[in-house]
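This report refers to the structure that appears directly beneath it.
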Amino acid sequence: EKIRILMLYHKGKHKRSIQGIDILKKLKKELDIEIILFGVKKDKNVPKDFIFYENPSRGVLIDLYRKSDIYFFTSKEESWGLPVMEAMSNKCAVLGANVGCVLELCTNWENVILCNNLDYKTVRDNVSYLMNNRCKLIELQNNGHKLAKQFEWERSFESFENYLQELLINEYNEENKI
């Protein structure tokens, strides 16, 4: 069965979409994979043999993550990394650049595969490994999902609320010298 690789296509140079497309074109020649891109607008840089979803709705995007095996994260600079968390929350393994939230929140080979150099050989070796080791792919998908669940809105709100309560209790204790 083909591995499905999903990638965000974005015109911003910091997203390195062109570099990602170049890597994926070479991969597609060598490996039995399906490439799916999504973004605001399709242009001449998107290969004709790649599936492209232009400005997908929230529901379509969630479905894309769920039907894909790997989310290819190419950004050179990133803060929160929403697509990474969206992929993980939908059990799509993340492979790619070691920047932003991926560095801060993830553990290499536990819930993500980080590429120090976003080059063809590194990506090919990692994708080939996952194609031949489906158990590892499933493990990454499940572990990523567990990580993403820690950042759900209700859990984050509860954690923030507990923090505020703790601050109030500490302030009260200091004022009353308890």
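The values are calculated or read from the model by the stated rules, or taken from the named source; none is laboratory data. Not measured: the values here are computed from a predicted model. Here the Cβ positions follow ideal geometry from the backbone for every residue, glycine too, while neighbour counts run over all protein chains shown. Remember, those area values only see protein heavy atoms, side chains included, never the ligands or the DNA or RNA. Shrake-Rupley method; radii C 1.70, N 1.55, O 1.52, S 1.80 Å.
Values for this structure:
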item: MRE, 222 nm, helices only [DSSP H, n ≥ 4, -39500 (n - 2.57), over the chain, to nearest 500]; result: -16000 deg cm²/dmol
item: Cα-based helix-to-principal-axis angle, 17-30 vs the chain, degrees rounded to 10; result: 50 degrees
item: Whole-percent pair-distance distribution, where bins are 5 Å wide, for the alpha carbons of the stretch 1-57; result: 4, 19, 33, 24, 13, 5, 0
item: Extended-chain gain in nm, criterion 0.36 nm per residue less alpha-carbon gap, Leu82 and Glu166; result: 27.3 nm
item: Distance (nanometres) between label positions extended 7 Å along Cα→Cβ at Ser128 and Lys11; result: 3.7 nm
item: Relative contact order, percent, the chain [alpha-carbon distance under 8 Å, six or more residues apart]; result: 19 percent
item: Two-site label geometry, Glu1 and Leu31: point separation in nm, points 7 Å out along Cα→Cβ; result: 1.7 nm
item: Amide H partners (placed H, <5 Å) of Gly100, local residues excluded; result: Glu78
item: Evaluated over the stretch 45-134, the Cα radius of gyration and Dmax, each in Å; result: 13.3, 36
item: Cα-based convex hull, the stretch 1-155, per residue volume (Å³, whole number); result: 103 Å³
item: Rg/Rg_globular for the stretch 34-91, with Rg_globular taken as 2.2 N^0.38 Å and Rg from C-alpha atoms; result: 1.14
item: With Cα atoms, 0 to 90° folded angle of helix 120-132 axis to the chain main axis; result: 80 degrees
item: Degrees separating the helix 153-175 axis from the principal Cα axis of the chain, which is the longest one; result: 30 degrees
item: Over 29 Å (Cα to Cα) - which of Lys67/Lys149; Lys76/Lys149; Lys48/Lys146; Lys28/Lys76; Lys29/Lys149; Lys28/Lys91 fall in this group; result: Lys48/Lys146; Lys29/Lys149
item: Per residue value of the accessible surface for the chain (all protein chains in place, 1.4 Å probe), Å²; result: 59 Å²
